[in-house]
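Here's the structure we're looking at; comments come further down.
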Amino acid sequence: MQQIDILHLGKSFASSGGIRHVLHDIGCSIAPGEVVGLVGPSGCGKSTLLNILAGLDGDYRGQVRIQGRPIREQLGAGFRVAYVFQEPRLLPWFTLAQNLAFVLEAGGFARREWPTRIDAVLEAVGLADYRNDFPAQLSGGMQQRASIARAFCIDPDILLLDEPFSALDELTARTLRQSLLALWQRFRTTIVFVSHNAYEATFLADRLLVMGRGRIVQEIDLRSVPRPRSYDDLALFESSKQVIRILEQQAALPAGIPSPLPH
């Protein structure tokens with residue numbers, strides 16, 4: 001687990017209407033083992049920021065540092081980042097266990113470690129009895145659980161999630177959020193996730209960074225809410241209402257860049 005520092009991060013590109021600024025002077029630090037959520041309206045730069053942290057986008061201004069070193073250097077030195085998308089993206093011709101073995105091989109793990117790692121994460125997400133099933137034999141919720149297991153089996157330094165539960169019904173999503181947090185409690189991986197669901201975000205996060213039009217406009221600290229958390233916790237409900245109020249304020253602003261994060 002290592003510290004992430006984002007310093008004066010900016011991202012823009014040319015469009016038919018001129019230069020479009022996607023990210024504007026983003027700055028924050030994420031502590032080792034912390035769960036940080038990014039919330040905001042569509043197009044505010046959440047997924048762009050996630051892609052930069054994943055090393056998928058290197059065209060930006062400013063700096064992203066892991067333990068004081070540029071992220072590009074860390075990714076080339078055995079630093080592991082796992083990414084969970086909205087869709088499970090399992091390989092359909094492999095069984096569930098083979099899908100996990102595939103990423104372990106790609107990650108350079110010794111073959112003797114594979115059974116232990118695969119068994120541990122499948123047990124943690126309740127899929128141990130389905131290890132020899134193919135993705136088509138699993139429900140959508142089970143496939144997404146498998147994608148979370150696949151991410152954790154490489155013991156990532158950072159886990160990135162881009163709305164991983166948005167396509168699921170609420171009951172299934174609740175189960176998966178709890179599975180995610182159970183694995184986080186075990187591995188203490190640093191997690192950065194994107195969500196459009198205010199209550200989901202407050203349930204998962206230690207801190208929320210609320211974004212609007214390319215900037216962080218407010219930070220909401222949820223570290224005082226004890227874990228494990230309950231969906232009936234009034235503190236989480238009040239925090240989710242606060243998130244919604246901020247997003248409504250951003251939606252009501254005239255065109256232009258919103259005010260930066262207050263000090």
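When residues of the stretch 123-181 are filtered for being of a type in the set (Phe, Trp, Tyr) and assigned by TED's automatic domain parsing to the domain that holds Val39, how many remain?
Of the residues in that region, 1 qualify.
As an exercise: evaluate Glu123 against (1) assigned to a helix (DSSP H, G or I); (2) buried (at least 16 other Cβ atoms within 10 Å of the Cβ); (3) not aliphatic (A, V, I, L, M) and give the number of the one condition it does not meet.
The single condition Glu123 does not satisfy is (2).
When you go through Ile52, Ile71 one by one, which is the residue that is surrounded by 20 or more Cβ atoms within 10 Å (Cβ to Cβ), farther than 30 Å from Ala251 by Cα, within 21 Å of the chain's Cα centre (by Cα) and in the same structural domain as Leu247 (by TED's automatic domain parsing)?
Every option except Ile71 fails the conditions.
Could you tell me which of the residues Arg223, Arg245 is in contact with an Asp or Glu (Cβ under 7 Å, 6 or more places away or on another chain) and modelled with pLDDT of 90 or more?
Among Arg223, Arg245, only Arg223 is in contact with an Asp or Glu (Cβ under 7 Å, 6 or more places away or on another chain) and modelled with pLDDT of 90 or more.
Please state which one of Val217, Val192, Val210 is surrounded by 19 or more Cβ atoms within 10 Å (Cβ to Cβ), β-branched (Val, Ile, Thr) and in contact with a Pro (Cβ under 6 Å, 6 or more places away or on another chain).
Val217
The values are calculated or read from the model by the stated rules, or taken from the named source; none is laboratory data. Remember, predicted model here, so these are calculated numbers, not experimental data. Positions of Cβ are generated from backbone atoms using ideal geometry, with glycine treated the same way; all protein chains shown enter the neighbour counts.
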